[in-house]
1. When the residues of the range B:9-32 are narrowed to those that are more than 20 Å from the chain's Cα centre (by Cα) and aliphatic (A, V, I, L, M), which ends up farthest from B:Leu237 (Cα to Cα)?
2. Could you list all residues from the range A:205-235 that are within 25 Å of A:Gly185 (Cα to Cα) and over 16 Å from the mean Cα position of the chain (by Cα)?
3. Return the only residue of A:Phe111, A:Phe90, A:Phe116 being at negative phi and touching a residue at least 60 places away in the same chain (Cβ under 8 Å).
4. Take A:Gly45 and decide whether it is within 16 Å of A:Gly241 (Cα to Cα), within 16 Å of the chain's Cα centre (by Cα) and away from every other protein chain (no Cβ under 14 Å).
5. Is it true that B:Glu397 is modelled with pLDDT of 85 or more and surrounded by fewer than 18 Cβ atoms within 10 Å (Cβ to Cβ)?
6. Could you list, in sequence order, the residues of the range A:176-195 that are over 19 Å from the mean Cα position of the chain (by Cα), within 7 Å of chain B (Cβ to nearest Cβ) and within 15 Å of B:Asn104 (Cβ to Cβ)?
7. Could you tell me which numbered condition B:Ile137 fails, if it satisfies all but one of (1) over 32 Å from the mean Cα position of the chain (by Cα); (2) assigned to a helix (DSSP H, G or I); (3) at the interface with chain A (Cβ under 10 Å from one of its Cβ atoms)?
8. Please count how many residues of the range A:122-147 are closer than 18 Å to A:Phe70 by Cβ and not in a helix (DSSP H, G or I).
Amino acid sequence: MNRFMPVLATTVVFGVGFAICSLIYPNFASPRVVMNLLTDNAFLGIVAVGMTFVIISGGIDLSVGSVIGFTTVFLALAIERAGMPPLTAFVVVLLLCALFGALMGAAIQYFELPAFIVTLAGMFLARGASFLLSTESIPITAPFYGELAEHALLLPGGFRLTVPAMIMLAVVALCAVLLHFTRFGANVYALGGSRSAAALMGIEVGRTTVLIYTLSSVLAGISGIVFSLYTSSGYSLSAVGVELDAIGAAVIGGTLLSGGHGFIFGTFIGVLIQGLIQTYISFDGMLSSWWAKIATGLLLFCFIALQQLMLLVARRRRPRASGAGAR
Amino acid sequence: MTPPETVPLLALRGFSKSFAGVNALDGVDFTLQSGEIHALLGENGAGKSTLIKTMTGVVARDAGTMQLDGVEIAPRSTGEATKAGIATVYQEVNLAPNLSVAQNLFLGRQPTRFGLVRESEMRRRARTLLAEFDLDIDVAVPLESYSVAIQHIVAIARAVDLSARVLILDEPTASLDAHEVTILFAVMRQLAARGIGIVFVTHFLDQVYAICDRITVLRNGRLAASAATAELPRMELVRMMLGRELREATAARPVSAPRESEPVAVFRGFGKAGYVEPFDLALRAGHVVGLAGLLGSGRTETARLVFGAERADSGSVTARGQQVTLHSPRQAMRLGFGYCPEERKTEGIVAELTVRENIVLALQARRGVLRPLSRREQDEIAGRLIRLLDIRPPDPERPIGLLSGGNQQKALLARWLATKPAILILDEPTRGIDVGAHAEIIQLIRALCAEGMALLVASSELEEIVTYADEIVVLRDRAHVARLEGEAVSVPTILAVIAAEAAKAV
């Protein structure tokens, strides 16, 4: 049960936090607030899921924020200037992202470079490329965009499920299955547990690494699409620093930065906690928005301390008195 | 050659491998029958690990043929070796500690339906597989929550399930306690009964005699012997592992220093649980104490305890007549101790730094950062010691990594001599250096001793150690079992002590 403790702790923190907010602000616990929580954080949720794969495998992906920025600019230019149908533009940009991620994964694997450096280079590259395309904010006026942004599924109880929220929930669900119930998912964990052991056990380490970074970049691309829907524009400075928010969400959700441990659901809750803090501050109206960062920082500290504590306890309790269970 | 009536399971002929011109393996033959547990023995550097690496394709061999069941094979990677039917389980369990036991057993070949892993089916199969090894554990929890012994059995189960015909166990018992060893042995016997051939690498002689059918001994990259266990008495075995041609080397022994000299340091009941059993030891000026024993007997461990690199949990130390604590190398250095470790490359030299910088390292560390040695002082010290020890080439500004093994060893000695130690601990001072340099190092040890330094030397070279030691402590299974002095210091006596003790312990 030990393994589920961090996720459980995160969930409890979120529940308690939500309850406190509802007590302070009577109209906090409403369908609108809950649904906005999902919609407003949809883009973050999607990248954070990709980040979870990368971190569990023992790596890091610093390029995702820039990839989001690039995606929004590319979409705005392709749809508005080049007249490309939005769906075609989506496909093209996701293919570009996949190629970008695959190249980073290949560089990490075959040149034996640290993921930190490779994705840092990727971060500068993608951000630079989006500046090259355009330095101004370009509004996207295509009718299809308006429709998508307006469209929402009405659920019983007055819940309006928007398209970004739908996409995020779908990504969370599909990726949870991919990580927890497939061979690929097991390989991701094995890589994070011990790279050399995974290789000795016959795992195709190279292929898995390339796939992991491809997945992360594609999810960043999807996140960029959602971001452009949400803002109806493309801007090269959008989503600066989102990679750090994504790492934060994963860690708050119980993913170990050293790799090998973590759950998609935990990351999802981690995103919601960050969203909850934002919402609280906007309800308050008096607090500076920087308090959100401070609260997130404190939470991160608490969770990292909790994880270390649990690792320590687990190590203490390891059954040195062997043969436990041997008949 | 004409095959006997049964084709051996695995037959290696003329395996050779050299690294940078040094023969690590020289025409070694090795034969494994199916259902046999075969011990592979040898001291450090004898070629055991090179043999295993060439067998499993980790490194390419220079020469030799390998037949599995009469069919020529030449694996180029561990993956290919595993496919061919040769699996290796290392001392460090090579599994993913964070994955469940079941995932570890079936990683890469999990049962799936529509691309999804069938978790319950996989667990059922894992339980069935482990039941064959009499292991009934929860296969859904992470591997790391189990003891090393169970992790070993899981690794073995995985290897065997991947259709292994030959199983190589590389020092699997080094980190196990007695009870765990019996569990592992039961598994090994059971696998042998199924017709799997097991190569068992260990340095515990008791275990060899307890479980192995046949013994192959390597020494200096050559085949020293291969015989059925019953036909190889312990004395013979120990002699093969350690001795070259056993000649009386006592003629070269120097006259012992007066033994009444006041001890520089006295250790009483000094030891650490599970590391080295408590021992008494007195180090005197102008006196060499040798530590002799098989690999893993506690030679290096004793040296590290005495230097404070490993913290003792029992006993007391008296240095220069005063009770002292010895909890860290820093404290030991302040008391005038110096230590040249066995693993020169990893624990001793800093390969990128120059000879001069390496030599002044310990002295500078003792003085502290606030009192830096001036460049002039450094040049003076390095120059003097390079001349004294005849380090070649005599260039203090050359990176030490470019020097030969023997000269690196001398530079390490120089590092400690620069601190003018009262006590110098040397671990395998002649390991990995060419034969000519051996004699020089031995001369140096004698010269230091004559200058009134107290020396503690751990060595597996029995013939060398008897030429310079005044007193020899014989170790076995991490305990000091005998102290030899005067006439008793000779190769045959040491061998007799090692073998006799081994016989008694069965």
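1. For the range B:9-32, the residue satisfying everything is B:Ala20.
2. Matches in the range A:205-235: A:Val205, A:Gly206, A:Arg207, A:Thr208, A:Thr209, A:Val210, A:Leu211.
3. Unique residue meeting the criteria: A:Phe90.
4. Details: within 16 Å of A:Gly241 (Cα to Cα): yes; within 16 Å of the chain's Cα centre (by Cα): yes; away from every other protein chain (no Cβ under 14 Å): yes.
Yes, satisfied.
5. When the stated conditions are applied, B:Glu397 passes them.
6. Those that are over 19 Å from the mean Cα position of the chain (by Cα), within 7 Å of chain B (Cβ to nearest Cβ) and within 15 Å of B:Asn104 (Cβ to Cβ): A:Arg183, A:Ala186, A:Ala190, A:Gly193, A:Ser194.
7. Failed condition: (2).
8. 7
The values are calculated or read from the model by the stated rules, or taken from the named source; none is laboratory data. Note that this is a predicted model, so its numbers are computed, not measured. Note that we place each Cβ from the backbone using ideal geometry, even for glycine, and neighbour counts take in every protein chain shown.
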